[in-house]
Each structure stands twice: as C-alpha cells, then as structure tokens.
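The values are calculated or read from the model by the stated rules, or taken from the named source; none is laboratory data. Everything numeric here is computed off the predicted structure, so don't read it as measured data. Note that each Cβ is placed from the backbone with ideal geometry, even for glycine, and that neighbours are counted across all protein chains shown. Quick note on the areas: whole protein, heavy atoms, side chains included, nothing else; ligands and nucleic acids left out. Shrake-Rupley method; radii C 1.70, N 1.55, O 1.52, S 1.80 Å.
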Amino acid sequence: METRHNFGSKIGAVLASAGSAVGLGNVWRFPTEVGNNGGAAFIFIYLICIALIGIPVMMSEFLIGRHTHANTISAFAKLAPGKWWRIEGVAGVFVAFLILSYYIVISGWTLFYLIESVAGRLQAGRNYSDVFNNFVSDPWLPVLTGTAFMGLTHFIISRGVQSGIERFSKVMMPMLLFIIGILVICSFSMPGSSEGLRFLLKPDLSKLTASVILSAVGQAFYSLSLAMGCLCTYASYFRADANLPKTAAGVSIIDTLVAILSGFIIFPAVFSVEEVSVDAGPGLVFITLPSVFNIAFEHVAWLGYIFSGFFYLLLLLAALTSAMSLHESVTAYVLEAFSISRRKAATAVSVSCMLLGVLCSLSFGILGDVKLFGMNVFELFDYTSSKIILPIGGIIICLFTGWYLDRRLVESELTNNGRLRFRLFRLYYFIIRYVAPLAIAAVFLQEIVS
Ligand code: PHE
C-alpha cells in the first residue's frame, strides 16, 4: 500500500479545492441559469444560497474528510462502523464516476473548440449551429477529443496528490483567474455592452418565483462540487492545521467570483450583437458565442482571435481542474480498497470511465435513438446523478453531521481541537441540522414533481 500524502501547503489545498469547484458549471451553466431566471434577481438569491447553505455543507464535507484521512467510502464507514451511513460514501463515489464519464465528453468539446479557434477556423463566418451539430454527431471526433482530455486528467492524477493535483492546480488556477480578467476587460470594451451589464445588475423582482429560488439552490450545490465525495476526498489530504471554515469560505468566494465574472464576460458580449439570438444550454458557448466573436470583431479580427482562443482555454482549464477532483474521488477509493498502486488504480478508473464516456458521446449521434425513460444515455446520466443522487446525498451529509456525529467531534474538527476560534459555530450547527436539509429537500421534491 502506498503512503498517503497530504497537500504540501495551505494555498495548494485551497487552489485544488477551488479548482474542483470552478468548472463548466461556472462558465457555462451559471450564465445560462442567470439568463433563464431573470438576471440580477437570480444572482441575488444565488449569493444567499452560497452563504447560507453552500458554505456550511462544504464545511461538513471537509470535516468528514479531514477527520478520517480516508477515501469517501471508508470515511463514512470509519465514522459510523456497521451503519448504513456508508451508503452515502458509496453513492458519492458512484456519482463522481457517472459525472466524470459525461464531463469528459463536454470537456472534449472544449478541447476541439480551442483547437479550432487557435487554428483560426472559428472566424471563417461559418454557420455555427451546423459546425456544432456536425461535430457532436460525428462518431469519431468527439470520442477522440474526449479521450485526449481523459489522457490529460489521467496523467495528472497518476502523479499523485502533491506532484499531480497540487502542483498543477497551483499553475492552472492563477492562469484561469488571469484569463478571466483579460476577458472581462475585452467584453466591457465592446460597444453596446452596457445593455448586458444592466441585465446583470438590475434585479427584476417580478421574476422571483419558487422555481427560481430552487434553481439557485441546485446551481449552488453543483457549482461548489458538493455531495460527490470530491471535497471530502481532497479534505482527507488537508493538514492538521488547515482552518476548515476559512478554507470553505475562501473556496466558495473564488467559485462565486468566477461564476459572476463569467456572466460579465458573456452577457455584455452577447448583448453587444443584436443579430444573435441567445441559446440556452450547450448552444450558448458552442453556437452563440462563436457567432458573437465573429460579428463583434468583424473589423478587428485579431482581437476576436485572441478573445475566442482565451475563452476556450479558460473553459478547458476550468473543466480539467474539476475532472481531476472527480477522478481522484474514485481513484482514492480504488487505490485504498484494493491496496494497489496509484498508477494501476488511476488506469482502471480512466479506462472504465472512458468506455462509458464513449456511450455518452455517441448518444449525440448514432446512439441518439437509444432511449430509456425517454432520455438518451447522456441525459440519463446527467439526470440520475445531478437531479436524484446529488440532492439525496446533500441531505444525508447534513443529517450525518448534524444529527448522527457527536457535536463535540464536529466542533473540535472545525476549531482544530479548540486552537482556532469559530464564532459562528452555533449558526453553522443550526443550518446543518434544519435549514440546509429542508432547503435541499424542497429542491429535490420540486424537481421530481415538475
Ligand atoms: N463544480 C463543478 C462545476 O462547476 C462540477 C463538479 C461537480 C466538479 C462535482 C466536480 C465535482 O462545473
């Protein structure tokens, strides 16, 4: 059995966890949700969800991971030996595996778009809807780009916690933040961008319905990578002196900033071009944006080239740091449960996940008609994982920390055995026992009923 490593530094731990949180969910899903749910009003509710539910649940995952220093399944088994709570660990690892298998497909698309954009082929004024549909329905190309992306993730994970995850996060996260800065400036300087800003900043309170609030809770969970064992696994590598409440707050702030700044990149750009209709879903970044880049920078082609190249690089970096955490959640389990080397465990995960990934990828083309419960393979994976297993997992984590674990254990883990002060402990404990589980249950029921 290999020795278990910790992250070498506090900043490494924060950047790796922030890397898990910042992903396609921030750059692509968040702006889409904002667009569909009334702009600033949604952002306002989203911020409340992050502070009130997201951060406390993240702290709970952190304390479970750091207390046990084990993969997610063993973590629950150690804290509750012989009890059914371990099912939550199993569900977390399982869902990370499922999500990874389709996450790499979309990430492969971003790799393709980055290559197309660097090669100057996104500027040729093509019909971007055709470009996208022809690409995703091709039987080979998306599988190839997905495999290449999986290769990158595999390479980093096989190198281990410090020289893989930590080292690469320390390079990729600052790069990502830098690129966002450049893109925000570019986007603001486009003529007509103020319309987009107004949309983002002026709350339309009439749009605030129950379903908007519930979408905000759902988005907060997805964006913070909660309930998938990822942050619990990363926390198992945290050092004894890591400040868990502060780390959770830091990671959530970075994640939220990136989401909001992505909105500041996309909406001013999209609103500056009247001829383009805003697509929801994958269409927003793969169809609408290339058209926007093309029209907006018609006369300054080089700027459009830079803008689109940086944008897809941003998407790729965000996807890679998240895929790493999903991969690690499963690899850590395989490696510890079967006592095999990290390299072997990572290979087993990459290969089996890729096989599922091929099915997902083909569901946009030749397997498009293979349906179960009216959904193709991709939709089925997405639905079962994010709409069913995740919310239930979130509720279980709250009940586990709030009702099952000894309050003294929780408090001592969050204060490093009393060495740190955590003034908001009572508030945290109240939220984790009552507010968070009820709020998540409401989201879940709403999704099931609608
Ligand atoms: N939080 C990631 C995102 O915003 C998605 C993710 C979920 C990644 C869970 C890892 C684990 O895209």
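Quick check on my filter: what residues within region 191-220 are surrounded by 20 or more Cβ atoms within 10 Å (Cβ to Cβ) and either aromatic (Phe, Trp, Tyr) or over 21 Å from residue 256 (Cα atoms) (or both)?
Once the filter is applied, which keeps residues that are surrounded by 20 or more Cβ atoms within 10 Å (Cβ to Cβ) and either aromatic (Phe, Trp, Tyr) or over 21 Å from residue 256 (Cα atoms) (or both), region 191-220 yields only 193.
Of the conditions (1) within 16 Å of the ligand (Cβ to nearest atom); (2) in contact with a strand residue (DSSP E or B) (Cβ under 8 Å, 6 or more places away or on another chain), residue 39 clears all except one; give me its number.
Failing condition for residue 39: (1).
Please tell me if residue 443 is over 29 Å from residue 210 (Cα atoms), surrounded by 16 or more Cβ atoms within 10 Å (Cβ to Cβ) and within 22 Å of the chain's Cα centre (by Cα). First the steps, then the outcome.
Values: over 29 Å from residue 210 (Cα atoms): no; surrounded by 16 or more Cβ atoms within 10 Å (Cβ to Cβ): yes; within 22 Å of the chain's Cα centre (by Cα): yes.
It is false that residue 443 is over 29 Å from residue 210 (Cα atoms), surrounded by 16 or more Cβ atoms within 10 Å (Cβ to Cβ) and within 22 Å of the chain's Cα centre (by Cα).
Considering each of 60, 74 in turn, give the residue that is more than 13 Å from the ligand (Cβ to nearest atom) and open to solvent by 20 Å² or more (accessible area, probe 1.4 Å).
Going through 60, 74 in turn, the sole match is 74.
What residue, of 266, 253, 182, is surrounded by fewer than 21 Cβ atoms within 10 Å (Cβ to Cβ) and within 16 Å of the ligand (Cβ to nearest atom)?
Selected residue: 253, the only one of 266, 253, 182 that is surrounded by fewer than 21 Cβ atoms within 10 Å (Cβ to Cβ) and within 16 Å of the ligand (Cβ to nearest atom).
Return the total of residues in region 405-418 being open to solvent by 20 Å² or more (accessible area, probe 1.4 Å), in contact (Cβ under 8 Å) with a residue 24 or more places away in the chain and closer than 13 Å to residue 245 by Cβ.
The total comes to 1.
For (1) more than 16 Å from the ligand (Cβ to nearest atom); (2) among the hydrophobic types (A, V, I, L, M, F, W, C); (3) open to solvent by 10 Å² or more (accessible area, probe 1.4 Å); (4) touching a Gly at 6+ places or on another chain (Cβ under 6 Å), each residue gets a yes or a no:
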| position | (1), (2), (3), (4) |
| --- | --- |
| 8 | yes, no, yes, no |
| 11 | yes, yes, yes, no |
| 48 | yes, yes, yes, no |
| 67 | yes, no, yes, no |
| 89 | no, no, no, no |
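Find the residue count for region 195-250, including only residues that are within 16 Å of the ligand (Cβ to nearest atom) and either charged (D, E, K, R) or within 14 Å of residue 42 (Cβ to Cβ) (or both).
7
Looking only at region 293-347, how many residues end up being in a helix (DSSP H, G or I) and either surrounded by fewer than 22 Cβ atoms within 10 Å (Cβ to Cβ) or within 15 Å of the ligand (Cβ to nearest atom) (or both)?
Total meeting the criteria: 37.
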